1. Exactly one of these conditions fails for Arg19: (1) open to solvent by less than 30 Å² (accessible area, probe 1.4 Å); (2) more than 22 Å from Asn185 (Cα to Cα). Give me its number.
2. Does Thr59 qualify as being hydroxyl-bearing (Ser, Thr, Tyr), over 30 Å from Asp142 (Cβ atoms) and in contact (Cβ under 8 Å) with a residue 24 or more places away in the chain?
3. Can you pull out the residues in the range 20-55 that are assigned to a loop (DSSP other than H, G, I, E, B) and either within 12 Å of the chain's Cα centre (by Cα) or without any contact (Cβ under 8 Å) to a residue 40 or more places away in the chain (or both)?
4. In the range 108-121, which residues are within 10 Å of Phe90 (Cβ to Cβ) and assigned to a loop (DSSP other than H, G, I, E, B)?
5. For a quick check of your reading of the model, give me the residue pairs whose first member lies in the range 198-218 and is within 19 Å of Ala37 (Cα to Cα) and among the aromatic types (Phe, Trp, Tyr), whose second is part of a helix (DSSP H, G or I) and open to solvent by less than 60 Å² (accessible area, probe 1.4 Å), with beta-carbon atoms closer than 6 Å and at least 6 apart or on different chains.
6. State which residue is modelled with the highest pLDDT when the search covers only the range 1-16 and only residues that are open to solvent by 50 Å² or more (accessible area, probe 1.4 Å) and part of a loop (DSSP other than H, G, I, E, B).
7. In a strand (DSSP E or B), more than 22 Å from the chain's Cα centre (by Cα) and either buried (at least 17 other Cβ atoms within 10 Å of the Cβ) or not aliphatic (A, V, I, L, M) (or both): which single residue out of Thr104, Thr88 fits that description?
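The values are calculated or read from the model by the stated rules, or taken from the named source; none is laboratory data. Keep in mind that this is a model prediction, so the values were computed, not measured. Here the Cβ is made from the backbone with ideal geometry for all residues, glycine too, and neighbour counts use every protein chain on show. Ligands, DNA and RNA are stripped out before the accessible areas are found, and what is left, the full protein with its side chains, is counted by its heavy atoms. Shrake-Rupley method; radii C 1.70, N 1.55, O 1.52, S 1.80 Å.
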Amino acid sequence: MSTPKYNALVSKVRDWANRDSSILSDSLVSDFLDYSADLCYRELRIPPLEHTYHYPAATTAGDVEIQIPPDLAEVIMFSVKDSAGNITVFDSKLDMRSFNDQYTTMGTGSFTRKGNKIQFYPASAVGDVYEMHYYRRLFDMDAVYVVNQLNIDAGNTTDASVGDTGAFEFPIGSGTYYTGNEVYNWLRDDNERLLLWGALQYAHEYLGSEEQSNKFMQKQLMGIEELNREEKRRRVLGASNRVTYEVSEQF
């Protein structure tokens, strides 16, 4: 799908590579941008990519696995709250082979990832509410808001008064779909440089310019490291430290 911000990004990749669409087609540049975003999702560990998903309360006992969110990149914390309000954090991550080995002794709070599911121990009880805190992949860079009743009910659209910029009118029951704006994308809108550098790496690799490709690869990796380092610094500065002094008796 073509959207103004995404199209501008595609054009910028071509401009920086000093090639036109006959050399770097839209489909090629789109692939390069996707590859660039993939690296960002694998390496960035910062708040804009954090998300929490709350599962519906368990209605049956004995379940030992749960579907992971489709946008998950890496689990930060997986926990469960029972009907009495007690919270257990699954903090013992095992490899799949060990988890399913009959001779492995699993403690409370053990889990592993198997494909698109999380397997865990102990099994669920009725009323258990599972929560997944994770780093996620964002919406596609050319995604748009679709205004329909399902999204309105789910809170995925913003109501506006008639006459406001972006206001919409939705005729209930008509089945008509409206398009409100491009979906906000943190990478595209706030850190375009990371996407651009990564896409230029792949563009120059395609064009046979290894030196240029390596240059932009290093720029993207340095940009990612810079953002991760800033987040580590923020966490340290926001933390509180306690120091205990022990006085030994002098003789």
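1. If we test Arg19 against (1) open to solvent by less than 30 Å² (accessible area, probe 1.4 Å); (2) more than 22 Å from Asn185 (Cα to Cα), just (1) comes out false.
2. Numbers: hydroxyl-bearing (Ser, Thr, Tyr): yes; over 30 Å from Asp142 (Cβ atoms): yes; in contact (Cβ under 8 Å) with a residue 24 or more places away in the chain: yes.
Criteria met by Thr59.
3. Listed by number, the residues that qualify are Asp20, Ser21, Ser22, Ser25, Leu44, Arg45, Ile46.
4. Residues satisfying the conditions are Thr108, Gly109.
5. These pairs meet every condition: Tyr202/Phe32; Phe216/Trp197; Phe216/Leu200; Phe216/Gln201.
6. Looking at residues that are open to solvent by 50 Å² or more (accessible area, probe 1.4 Å) and part of a loop (DSSP other than H, G, I, E, B), I get Ser2.
7. Just a single option satisfies the conditions, and that option is Thr88.
Residue-by-condition table, conditions (1) surrounded by 15 or more Cβ atoms within 10 Å (Cβ to Cβ); (2) modelled with pLDDT under 95; (3) under 30 Å from Asn100 (Cα atoms):
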| site | (1), (2), (3) |
| --- | --- |
| Val29 | yes, no, no |
| Ser36 | yes, no, no |
| Cys40 | yes, no, no |
| Glu43 | yes, no, yes |
| Ala57 | no, no, yes |
| Asp71 | yes, yes, yes |
